[in-house]
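Worksheet for the structure shown next.
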Amino acid sequence: MSRITTHVLDLTSGRPAAHVAVRLHRYLGGRWRVVAARRTDEEGRIADLLPAGEAPEPGFYRLRFGTSGYYRGKGLETFHPFVDVTFQIRSAGEHYHVPLQITPHGYSTYRGN
């Protein structure tokens, strides 16, 4: 399993949010650089944002979730076209699980395990 993972839940339907586009960025040299781009699986999860066994370098990271595309596919409009979750990695040896709970008009996140 990757050291950075995510899980997206659609609170409107009470189901995992499948096929949400997610990009992992790292802040380097004064700008955000794409590290990985994936889509959530049928269970709303991405377990391989980094190659297995690869430890992320300490620094600032951002997950960008494509919420507008997800809700457009369901025939719904959303207030947030995307959701950015920025976090800091202090220890490369830890696992960073960043879940996101979404609705068409709001979101919530936390550090999971």
Quiz prompt | Sorted by Cβ neighbour density within 10 Å, fewest at the top, the residues 20, 35, 83 | solution = 35, 83, 20
Exercise. Sticking to Cα atoms, compute the Rg of segment 4-109 to one decimal and its Dmax as the biggest Cα-Cα distance, whole number, in Å.
Key: 13.7, 41
Quiz item: Per-residue ellipticity at 222 nm for the chain, helices alone: DSSP H runs ≥ 4 residues times -39500 (n - 2.57), over residue total, nearest 500 deg cm²/dmol?
Solution: -1000 deg cm²/dmol
Exercise. Report the extension gain between residue 37 and residue 11 in nm, rounded to one decimal, defined as 0.36 nm multiplied by the number of residues separating them, less their alpha carbon distance.
Key: 7.0 nm
Quiz prompt | Cα-projected label distance for residue 101 with residue 79, points at 7 Å along beta-carbon direction, nm | solution = 1.6 nm
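Every number here is computed from the coordinates shown, using simple stated rules; none is lab data. What you see is a predicted model, and the numbers here were worked out from it, not measured in a lab. In this analysis, Cβ positions are derived from the backbone assuming ideal geometry, glycine residues included, and neighbour counts consider all displayed protein chains.
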